[in-house]
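Visitor: The structure under discussion is supplied below as structure tokens; questions concerning it will follow.
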Amino acid sequence: MSTARNEHERVVDAPAAVVGALLDRLSGPDDPLFPTPVWPAMVLDGPLAVGARGGHGPVRYEVDAYEPGRRVRFAFTAPDEGFHEVSVEPAGPHRCRVRHVLRTRLRGKDRLLWPTVVRPVHEAMVGETLDNIERAATGTLAAPARRSPRVRLLHRLGWARPESVGVPEAARLIREAVPDPGYRDAYRMELLPGLPREPRAWAGVLRGAFPVVAEEGGELLMDVSGSGRTPGLTARASVLVDERHVTLCTAVRADTARGRLYWGTVRRVHPFMARTMLRRVHRGLALAAPSAAERENGGAHSPVSHPSHLVSG
């Protein structure tokens, strides 16, 4: 059994008290540090305090130690062993040093996954968290972390996939748009912090210029029948955005032999295409969204001026 050790450190041109106050907001509803929506959000089952349990993505842990404004340690839960910790210490009256330390035991396939998959992704997330700390504390960022080609590939492959659900009760527009549909489905994805809440921002989930025929509350209804090219086919799609999810719904009714023939062919590939398009737009909007620190500072990209130092190993 071997042990993985990973440390990052950055000097930030801001008092330790300022950065410590940001650290205390980790996992909260207005968390300015964790790099969402590009990466899964840190979610705990309660406020940041010793004993709170949760994690981000597939990584599970609980708060093992917490000194407000100074240090928080997360202990990995079984079957994993080890911890990761973030600490802030003064480096002068108007400077501080932020450190992230990870220790974990590697067993079995973890010995292969750590250097090839886990460590590159972990280091990218830590680098972007430190970016958020610097930007939120100073309003500027000297040298943004860059994702390597490997990390970009792993990010694409590991992005969450839509789940199949029933058409939500809140999707009133599509429920009323197609009476007695012969086909109906819905796929949803989690609405990560920082993703847009306006339904029109998600209209690009469907390739092509489909007309918007109605909008109400958090739902956008589009006509996807094909501009009358298939008589007897009524097809509508809607995007519903609520507090937790974005849901793509489809309802189809074929009233003629030509419509049934056309839909019988399209139906074979529709579920795959619907999931693929929703996932593509979900990831695209996440990559384009302002960082947590930019949202903290009102979404503005401040000019680069303050130096920082990043050490990783």
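Bear in mind that the values in this text are calculations on the coordinates, not laboratory data. The structure presented is a predicted model; accordingly, all values stated were derived computationally and were not measured. Quick reminder, even Gly has a Cβ in these numbers, built from the backbone with ideal geometry, and neighbours come from all protein chains shown.
Visitor: What residues of the stretch 101-124 lie in the reach of a label at residue 157, counting those whose backbone N is under 19 Å from a point 7 Å from the Cα along Cα→Cβ?
Guide: Within reach of a label on residue 157, which here means backbone N under 19 Å from a point 7 Å along Cα→Cβ, the stretch 101-124 contributes 109-124.
Visitor: Hey, another quick one. With the cut-off at 13 Å, report for the stretch 68-125 the share of all Cα pairs above it, as a whole percent. Please report the intermediate quantities before stating the final value.
Guide: Numbers: 1155 of 1653 pairs.
In whole percent, the long-distance tail amounts to 70.
Visitor: When a/c is below 1.5 the answer is rounded, else prolate if a/b is larger than b/c, else oblate, so apply that to the stretch 2-67 with a ≥ b ≥ c taken from the square roots of the Cα gyration tensor eigenvalues.
Guide: Rounded is the answer for the stretch 2-67, as its axis ratio a/c remains below 1.5.
Visitor: So, one more: Give me the orientation-averaged projected area of the Cα convex hull of the stretch 129-186, in nm², one decimal.
Guide: Details: hull surface 31.5 nm².
Answer in nm², one decimal: 7.9.
Visitor: Would you kindly calculate the translational diffusion coefficient of the stretch 2-158, applying Stokes-Einstein with the Kirkwood radius from alpha carbon pairs, for 37 °C and a viscosity of 0.692 mPa s, and quote it in µm² s⁻¹ without decimals? Can you show the working numbers first?
Guide: Values: Rh = 16.1 Å.
Estimated via Stokes-Einstein, D reaches 204 µm²/s.
Visitor: I've got another one for you. Starting from 0.36 nm per residue, how many nanometres of slack lie between residue 17 and residue 287 once their C-alpha separation is accounted for?
Guide: Details: separation 270, 0.36 × 270 = 97.20 nm, distance 3.08 nm.
Separation in residues times 0.36 nm, less the Cα-Cα distance, equals 94.1 nm.
Visitor: Tally Lys/Arg at +1 and Asp/Glu at -1 over every other residue whose Cβ is under 10 Å from the Cβ of residue 140; what's the total? Please list the in-between numbers first.
Guide: On the way: positive: 135; negative: 13, 134.
For residues surrounding residue 140, the net value is -1.
Visitor: Would you mind listing how long the chain runs along its three principal axes, going by Cα atoms, in whole Å with the largest first?
Guide: Projected onto the principal axes, the Cα atoms of the chain cover 76, 46, 36 Å.
Visitor: State, as an integer percentage, the relative contact order of the stretch 164-276 based on alpha-carbon contacts under 8 Å between residues 6 or more apart. Please report the intermediate quantities before stating the final value.
Guide: Details: 190 pairs, mean separation 34.6, N = 113.
Relative contact order comes out at 31 percent.
Visitor: Continuing with the same structure: Measure nothing fancy, just the Cα-based angle from helix 119-138's long axis to the longest principal axis of the chain, in degrees from 0 to 90, nearest 10.
Guide: 80
Visitor: Students often check this: by mean Cβ neighbours within 10 Å, which of 171-182, 240-251, 259-270 ranks highest, and how do the rest follow? The partial results should precede the final answer.
Guide: Working: 171-182: 17.1, 240-251: 20.6, 259-270: 14.4.
Result, highest mean Cβ count within 10 Å first: 240-251, 171-182, 259-270.
Visitor: Okay, helix-only estimate at 222 nm for the chain: each DSSP H run of n ≥ 4 adds -39500 (n - 2.57), divide by all residues, round to 500 deg cm²/dmol; what do you get? Before the final figure, lay out the partial values.
Guide: Numbers: 8 runs with 82 residues, N = 313.
After summing the helix terms and dividing by the residues of the chain, the value is -8000 deg cm²/dmol.
Visitor: Now, a different point. Averaged over all directions, how much area does the convex hull of the C-alpha atoms of the stretch 163-287 cover when projected, in nm²? Let's see the in-between values first.
Guide: Working: hull surface 28.4 nm².
Here the figure is 7.1 nm², rounded to one decimal.
Visitor: If you don't mind, another one. Could you please report the charge total around residue 127, scoring K, R as +1 and D, E as -1 over all other residues with beta-carbon less than 15 angstrom from its beta-carbon?
Guide: On the way: positive: 10, 99, 119, 135, 146, 147, 150, 152; negative: 7, 9, 123, 128, 131, 134.
Residues close to residue 127 contribute a combined charge of +2.
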